[in-house]
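J.: Handing you this structure, nothing more for now.
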Amino acid sequence: MRHPVGLPRDLATLDRTVVMGILNVTPDSFSDGGRWHDATDAIKRGRLLREAGADIVDVGGESTRPGAERIPEAEELARVLPVVEALVADAVPVSIDTMRASVAARCVSLGACIVNDVSGGQADPDMLPFLAGVDVPYIAMHWRGPSTIMQTLASYDDVVSDVCREIDQRLWALQSAGVDLDRVVVDPGLGFAKDSAHNWALLRDLDALMALGRPLLLGASRKRFLGELLADRDGQPRPLEGREAAGDAITALAAAAGVWGVRVHEVAASHDAVMVARAWAGPS
Ligand code: PMM
């Protein structure tokens, strides 16, 4: 497995796809909003994710569901800092899911070991300069605009080549800002300015995304396109809680394809799927 440079040693030596457990400390994330809004509950949840097999716990304080408004920086900090601090104290590898350089900086100074930015550095002009001065890995997701308008931006000539080109432009921007690309992971941003057909086209052509030359992360867990795939006879999308197994199937296929990481809500089955894919591939 090719890892980004800068990971803690335990992660850097893993010979398989990395499982990232999602911990949204928000009242309104689309998939688990409100469940771990309280810091004590969130910390407990983070520990459980780790015990269940999460290699990394991805802590986020701002919802990015379609239509979500930004929250003030102080609110985001108040949500994530106690959780990051407690999980780091428990030796849980933490990534911070934020579009703000200031939030990333505070969390990295507390010991977060990865910055996960759904905007790929576009939402905050301070993000790239901040990244140039630290040595943690950075997840740059494909992003076309804020959650309030992203559904209106889901128009592509050819989604795979357009997304690859736009990610490549971000890699250039990162490099120009002085960020070592060996530290960067890329992510096509499933569901972000993308409809179901776009998501499936991207999953079908992981080779094109991997040809960008960077480790690849996928976040499919519980997303709407899985609900649409599994719609009932009346065309009603499968509710969130019934989408888990489809996400696990994506984990297995992604791991078999050599994807670096999967970002999931329930980690146990994804962990097992990754182990199966690793054994299936045979000794390296
Ligand atoms: N999706 C969400 C939030 N953060 N980060 C990355 N890198 N990739 C994603 O696909 C992604 C993300 C939104 O989903 P959630 O509400 O389930 O966290």
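J.: Could you check how many residues of segment 40-83 are free of Cβ contacts under 8 Å to residues at least 40 places away in the same chain, in contact with a Lys or Arg (Cβ under 9 Å, 6 or more places away or on another chain) and among the charged types (D, E, K, R)?
T.: Residues in segment 40-83 being free of Cβ contacts under 8 Å to residues at least 40 places away in the same chain, in contact with a Lys or Arg (Cβ under 9 Å, 6 or more places away or on another chain) and among the charged types (D, E, K, R): 5 in total.
J.: Something else about it: Is there a residue in segment 134-146 that is in contact with a Gly (Cβ under 7 Å, 6 or more places away or on another chain) and surrounded by fewer than 22 Cβ atoms within 10 Å (Cβ to Cβ)? Give the derivation first.
T.: Step one: of segment 134-146, the residues in contact with a Gly (Cβ under 7 Å, 6 or more places away or on another chain) are 135-137, 140-143.
After this cut, where a residue has to be surrounded by fewer than 22 Cβ atoms within 10 Å (Cβ to Cβ) as well, the list is 135-136.
Among the residues of segment 134-146, at least one is in contact with a Gly (Cβ under 7 Å, 6 or more places away or on another chain) and surrounded by fewer than 22 Cβ atoms within 10 Å (Cβ to Cβ), which makes the answer yes.
J.: Are any residues in segment 2-21 assigned to a loop (DSSP other than H, G, I, E, B) and open to solvent by 10 Å² or more (accessible area, probe 1.4 Å), and if so, which ones?
T.: Residues satisfying the conditions are 2, 3, 5, 6, 7, 8, 13, 14, 15, 16.
J.: Is it the case, given these coordinates, that residue 169 is open to solvent by 60 Å² or more (accessible area, probe 1.4 Å), modelled with pLDDT of 95 or more and assigned to a loop (DSSP other than H, G, I, E, B)? Give the steps one after another, and end with the answer.
T.: Details: open to solvent by 60 Å² or more (accessible area, probe 1.4 Å): yes; modelled with pLDDT of 95 or more: yes; assigned to a loop (DSSP other than H, G, I, E, B): no.
When the stated conditions are applied, residue 169 does not pass them.
J.: Scanning for something within 15 Å of the ligand (Cβ to nearest atom) and at positive phi, does segment 192-213 turn up at least one residue?
T.: Yes: one or more hits.
J.: Could you go through segment 179-189 and let me know if any residue there is among the charged types (D, E, K, R), within 12 Å of the ligand (Cβ to nearest atom) and in contact (Cβ under 8 Å) with a residue 40 or more places away in the chain. Walk me through how you get there before you give the answer.
T.: Taking segment 179-189 as the starting set, the residues that turn out to be among the charged types (D, E, K, R) are 180, 182-183, 187.
With the extra rule that they be within 12 Å of the ligand (Cβ to nearest atom), the set shrinks to 187.
From the residues that got through so far, the ones that are in contact (Cβ under 8 Å) with a residue 40 or more places away in the chain too are 187.
Yes, segment 179-189 has at least one match.
J.: Here's another thing I want to ask about it. Checking residue 224 against (1) modelled with pLDDT of 95 or more; (2) away from the ligand (no atom under 12 Å from the Cβ): exactly one of these is not met. Which one?
T.: For residue 224, the failing item is (2).
J.: Under 8 Å between Cβ atoms, at least 6 apart or on separate chains: pull out the pairs that start in segment 22-39 with a residue that is more than 13 Å from residue 79 (Cα to Cα) and open to solvent by less than 30 Å² (accessible area, probe 1.4 Å) and end on any residue that is at pLDDT below 80 and within 8 Å of the ligand (Cβ to nearest atom).
T.: Matching pairs, first to second residue: 22/31; 22/32.
Per-residue answers, yes or no, for (1) under 19 Å from the mean Cα position of the chain (by Cα); (2) at pLDDT 95 or above:
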| position | (1), (2) |
| --- | --- |
| 230 | no, yes |
| 236 | no, yes |
| 244 | yes, yes |
| 256 | yes, yes |
| 276 | no, yes |
| 279 | no, yes |
| 283 | no, no |
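J.: Right, something else. Please determine, by comparing only the residues of segment 229-278 that are in a loop (DSSP other than H, G, I, E, B) and open to solvent by less than 20 Å² (accessible area, probe 1.4 Å), which one is nearest to residue 198 (Cα to Cα).
T.: Taking the candidates together, the pick is 259.
J.: OK, next. One residue is enough: does segment 153-167 have a residue meeting the conditions within 15 Å of the ligand (Cβ to nearest atom), closer than 30 Å to residue 227 by Cβ and aromatic (Phe, Trp, Tyr)?
T.: No, every residue in segment 153-167 fails to be within 15 Å of the ligand (Cβ to nearest atom), closer than 30 Å to residue 227 by Cβ and aromatic (Phe, Trp, Tyr).
J.: Moving on to the next point. Quick one: in segment 64-120, of everything that is among the acidic types (Asp, Glu) and over 23 Å from residue 49 (Cα atoms), which residue is most open to solvent (accessible area, probe 1.4 Å)?
T.: First pass over segment 64-120, keeping only residues among the acidic types (Asp, Glu): 69, 73, 75-76, 85, 90, 97, 117.
Among the residues that remain, those that are also over 23 Å from residue 49 (Cα atoms) are: 69, 73, 75.
On the way: 69: 133, 73: 82, 75: 71 Å².
Once the filter is applied, the top-ranked residue is 69.
J.: Quick check on my filter: what residues within segment 130-140 are assigned to a loop (DSSP other than H, G, I, E, B) and touching a helix residue (DSSP H, G or I) at 6+ places or on another chain (Cβ under 8 Å)?
T.: Initially, segment 130-140 is screened for residues assigned to a loop (DSSP other than H, G, I, E, B), giving 133-137.
134, 135, 136, 137, listed by residue number.
The values are calculated or read from the model by the stated rules, or taken from the named source; none is laboratory data. None of these values were measured; they are calculated from a predicted model. Don't worry about glycine lacking a Cβ; one is built from the backbone with ideal geometry, like all the others, and counts go over all protein chains shown. For accessibility, only protein heavy atoms count, side chains too; no ligands or nucleic acids. Shrake-Rupley method; radii C 1.70, N 1.55, O 1.52, S 1.80 Å.
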